[in-house]
Amino acid sequence: MREGWEIKKLHELCQIELGKTPYRGDKSYWDIEKETDNVWLSIADLLKTDGDEVLDSKEYISNKAAKISKVVKRGTLLLSFKLTLGRLAFAGRDLFTNEAIAALTIKNEKLIDKYFLYHFLSLFDWNAAAEGDVKVKGKTLNKAKLKEIEVCFPTSLPEQQRIVVLLDEAFFAIAKAKANAEQNLKNAKELFESYLQGVFEKKGEGWEEKTVGDIGKPKMCKRIFKEQTSTEGDIPFYKIGTFGKEPDAFITRELYEEFRAKYSFPKKGDILISASGTIGRRVRYDGELAYFQDSNIVWIDNDEKQVLNNFLFEFYGVCDWGSTKGATISRLYNDNLKSIKISFPKSLEQQQTIVRQLDALRAETQRLAAVYQQKLADLEELKKSILQKAFAGELKTEVEVRL
């Protein structure tokens, strides 16, 4: 162990108390209208912090439930230790928690600083600690294992506080740099969307307006039943949930060949669109072996004599789908699709020029997005590196964060 540091177990440093979920079958335990001040936290709430404090939740409990529940005092360190491990925040007010959140109250504030403990636990390898305790929904720790976690810290309280100050200063700079990178990423995406929107709003000479139904008829593949699919097979079967992603279902080549020959099937270059759930997600069909869920994934049978498919792809990115709202999801019916108005240059060459310009701008936007995403990843690595240095006793001077 490094000189001037010691190791103690978490239960030696903290009083560890778990929350409790009031019985959900009794509505009198829950304050649906939020008329009380009894905030009740779940694990998800620990991500919704103001700085390092959590102040509110979507759920409140009634005064009846509060009387039989343990209140967590403001300033207490909160830690998730079941299913989603290692989320940390301080209670920004008196509140209540569920049983997956441990409230850690420092026993001796002259021994360890709670903010030092917060930083130490933020670097802790929670997955390794939970090894062997995998549950159905994810990894978890029991209270016994939580109590035995070893915490390494300087014996000098001023040294702990010096490290906390350096970490806070470094993390403030990192947070500022991340905010700048995230804003730049947002700006890059918005610039492209604004330009794309402007193409169809400004129009120009030689443009005309028709409906999508004038361009071609809506088409869909023949229905595939669940019993005709498997988790492995020859031909990927894309459902609405896997559209544009990795398939999780397959059909036989024999069924594919039969249905492709007998029924509607997209040709290479056709623009497939999602017609339920999130309306208007679009994918260019690349001609590769694949089959698509009927009614949920559709396309316009377009001969490209009026509108190029690549131009249609761009239009789909900005059009008003006018979908019908159902009880739980949206649905784009054929009549909705056919009635959508589309403006386009009569000249196919002009359409090609617009598509090339959009492709170039999209490529530059994606390049910038990659740069900013890498910046965010680098900042996360920097934060981890600073923490590692801090708990190796190597954080000696002010930390420089390159923005």
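The values are calculated or read from the model by the stated rules, or taken from the named source; none is laboratory data. Since the structure is predicted, the reported quantities are computational estimates derived from the model, not experimental observations. Please note: Cβ atoms are built from the backbone with ideal geometry, for glycine as well, and neighbour counts cover all protein chains shown. Surface areas here come from the heavy atoms of the whole protein model, side chains and all, with no ligands, DNA or RNA. Shrake-Rupley method; radii C 1.70, N 1.55, O 1.52, S 1.80 Å.
Summary table below
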item: Criterion (open to solvent by less than 40 Å² (accessible area, probe 1.4 Å) and closer than 22 Å to Glu314 by Cα) met by exactly one of Ile251, Ile235, Ile271, Ile224; result: Ile271
item: Test for Lys178: is it basic (Lys, Arg), more than 30 Å from Glu3 (Cβ to Cβ), surrounded by 12 or more Cβ atoms within 10 Å (Cβ to Cβ) and out of contact with any helix residue (DSSP H, G or I) (no Cβ under 6 Å at 6 or more places or on another chain); result: no
item: Subset of segment 11-52 [at negative phi, among the basic types (Lys, Arg) and free of Cβ contacts under 8 Å to residues at least 40 places away in the same chain]; result: Arg24, Lys27, Lys48
item: In segment 329-367, the residues that are among the small types (Gly, Ala, Ser), farther than 24 Å from Asn187 by Cβ and in a helix (DSSP H, G or I); result: Ser339
item: Pairs with Cβ under 7 Å, 6+ apart, first in segment 164-175 and farther than 17 Å from Leu117 by Cα, second open to solvent by 80 Å² or more (accessible area, probe 1.4 Å) and in a helix (DSSP H, G or I); result: none
item: Segment 157-175: number of residues that are open to solvent by less than 50 Å² (accessible area, probe 1.4 Å) and either of a type in the set (Gly, Ala, Ser) or in contact with a helix residue (DSSP H, G or I) (Cβ under 8 Å, 6 or more places away or on another chain) (or both); result: 9
item: Segment 311-335 residues that are over 12 Å from Ile273 (Cα atoms) and modelled with pLDDT under 85, paired with ones that are assigned to a helix (DSSP H, G or I) and not acidic (Asp, Glu) (beta carbon under 8 Å, 6 or more apart); result: Gly322/Asn336; Gly322/Ser339; Ser323/Asn336; Thr324/Asn336
item: Pair list, Cβ < 8 Å and 6+ apart or interchain, from segment 365-386 residues that are of a type in the set (Phe, Trp, Tyr) to residues that are open to solvent by 50 Å² or more (accessible area, probe 1.4 Å) and in a helix (DSSP H, G or I); result: Tyr372/Glu182; Tyr372/Asn184
item: Residue pairs meeting the criteria (Cβ under 7 Å; at least 6 apart or on separate chains; first open to solvent by less than 40 Å² (accessible area, probe 1.4 Å), in segment 349-364; second of a type in the set (Asp, Glu)); result: Val355/Glu314; Leu358/Glu314
item: Unmet criterion (only one of (1) in contact with a helix residue (DSSP H, G or I) (Cβ under 7 Å, 6 or more places away or on another chain); (2) open to solvent by less than 60 Å² (accessible area, probe 1.4 Å); (3) closer than 30 Å to Ile163 by Cα) for Gly393; result: (1)
item: Checklist (1) surrounded by 15 or more Cβ atoms within 10 Å (Cβ to Cβ); (2) over 28 Å from Asp248 (Cα atoms) applied to Asp294, failing item; result: (2)
item: Single residue of segment 20-41 satisfying the filter (surrounded by 18 or more Cβ atoms within 10 Å (Cβ to Cβ) and under 27 Å from the mean Cα position of the chain (by Cα)) that is nearest to Lys147 (Cα to Cα); result: Leu41
item: Residue satisfying all of: in segment 297-314; open to solvent by less than 10 Å² (accessible area, probe 1.4 Å) and under 28 Å from the mean Cα position of the chain (by Cα); farthest from Phe344 (Cα to Cα) among these; result: Ile297
